[in-house]
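Colleague: After the structure tokens below, expect a handful of questions from me.
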Amino acid sequence: MAMSPDPVRGNAVSMSAGRNSALSGNGLAVASMLTWAAGFPAAEVLLQTWPPVALFAARLALAVAVMVPIWLLIDGPRRVLNARWARAMLVGGGGLGTGMFLIIVAQKLTDPVTVAIIASCAPLMATLLEMAAGTRRLRWNFALGVLVSIIGGLIATSAMAPAQLGLGAALAIASTGLFCWASMATARDFPELSQTGRTTITFVGGLVMASLLMFVSAQLGLDVMPATGLDIRQAAMLAMYALISMGLSQIFFVASIGKLGVALTSFHINIAPFYVMVIMMVMGEEWNSTRALGAGIVALAVVLAQDRRRARPA
């Protein structure tokens, strides 16, 4: 599977097909970020009473419980059993699962704004990953798009000052790098599976990691259970956080990577603070022009990075 719209080797796809792929890829990325952004308000509510490791495990357990039966219906039992489970444990547990846990801890130590600021470096990390894998040749327009995207992400999240850096910031950086790598590997390493299958199999790997962390935390005497009982409001927040913000969002994200590449898809991460603001407006917050400006700059970066001159005839 080609991981970049600008691969090192020649591409025989027609200009029309390429435009359609870019359009659908960007649409999937927008859908991914909209659903992902919905998880930030939910996480803020849940982290008031849930330890990060408990929230991490519950999020993955609920997502896997719902998505595995759907995966069986889509791909069939034989394809599920013959899937690359060993690879899924590495990608899902070591990459995606660890990255998700670190970002929960980072948000607990800092705040959503700090995490979003650091996530604005995702396009740079993803570009380096694609260059290391040999699937992208860095061109001036893409490099300019990366720079503009980071600037837009910083502007979009600059309306509030970060509450704390230090360890929380370091964990957010590590989480961003792991998430980019795991998402690229999810789209690349399971070509025989559907988009739902690719996402679900790595979530299973993440759940194994979550179970291990729960066990270790309990042995160390750390809190592994919520401080209060699960009421209707918390159940609704957990469903949004697990099924929409993680499950549905990751399906869209992996599908977008298959069309645009992980670097270009990650540009859209920088618009997430704007989507969070829109969601918070529905809940009664005020409009923020700074974040709207940052989102517009990131949208411009996406256009710049995808600029293609018409190929001259041979």
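FYI, it's all coordinate maths here, none of it is from the lab. None of these values were measured; they are calculated from a predicted model. With ideal geometry, Cβ positions are generated from the backbone for all residues, glycine too; neighbour counts draw on all protein chains shown.
Colleague: Work out from phi, with θ = phi - 60° and the Karplus expression 6.51 cos²θ - 1.76 cosθ + 1.60, the ³J(HN,Hα) of each residue of region 44-53, listed in order in whole Hz, and give x for Gly and Pro.
Modeller: So the Karplus estimates, Gly and Pro as x, are 4, 5, 5, 5, 5, 10, 9, x, x, 5 Hz.
Colleague: With θ taken as phi - 60° and the coefficients 6.51, -1.76 and 1.60, list the Karplus ³J(HN,Hα) couplings across region 252-269 in order, rounded to whole Hz; mark glycine and proline as x.
Modeller: Per-residue couplings from phi come out as 4, 5, 5, 5, 5, 4, x, 9, 10, x, 5, 5, 5, 4, 5, 3, 5, 4 Hz.
Colleague: Something else: Would you kindly state how much longer the chain becomes between Ala132 and Ile173 on full extension, computed as 0.36 nm times their sequence separation minus their alpha carbon distance, in nm to one decimal? Don't jump to the answer; show the numbers that get you there.
Modeller: Details: separation 41, 0.36 × 41 = 14.76 nm, distance 1.87 nm.
Working it through step by step, the gained length comes to 12.9 nm.
Colleague: Say R0 is 25 Å: what FRET efficiency, to the nearest 0.05, do Leu23 and Val282 get from their beta-carbon distance?
Modeller: Details: r = 27 Å, r/R0 = 1.09.
E(calc), rounded to 0.05, equals 0.35.
Colleague: While we're looking at this one, here's another question. Tell me the label-point distance for the pair Ala218, Ile151, using the 7 Å Cα-to-Cβ offset, in nm and rounded to one decimal.
Modeller: In this crude label model, Ala218 to Ile151 measures out at 5.2 nm.
Colleague: Sort Phe252, Phe267, Phe203, Phe215 so that the residue with the fewest other Cβ atoms within 10 Å of its own Cβ comes first and the one with the most comes last.
Modeller: On the way: Phe252 23, Phe267 33, Phe203 29, Phe215 12.
Sorted ascending by nearby Cβ count, the order is Phe215, Phe252, Phe203, Phe267.
Colleague: Could you please report the charge total around Met240, scoring K, R as +1 and D, E as -1 over all other residues with beta-carbon less than 14 angstrom from its beta-carbon?
Modeller: Numbers: positive: Arg59, Arg233; negative: Glu44.
Within the 14 Å Cβ shell, the charges total +1.
Colleague: Need the full-extension length gain, Val66 to Ala292, defined as separation in residues times 0.36 nm minus the C-alpha distance. One decimal, nm.
Modeller: Working: separation 226, 0.36 × 226 = 81.36 nm, distance 3.49 nm.
Contour length minus Cα-Cα distance gives 77.9 nm.
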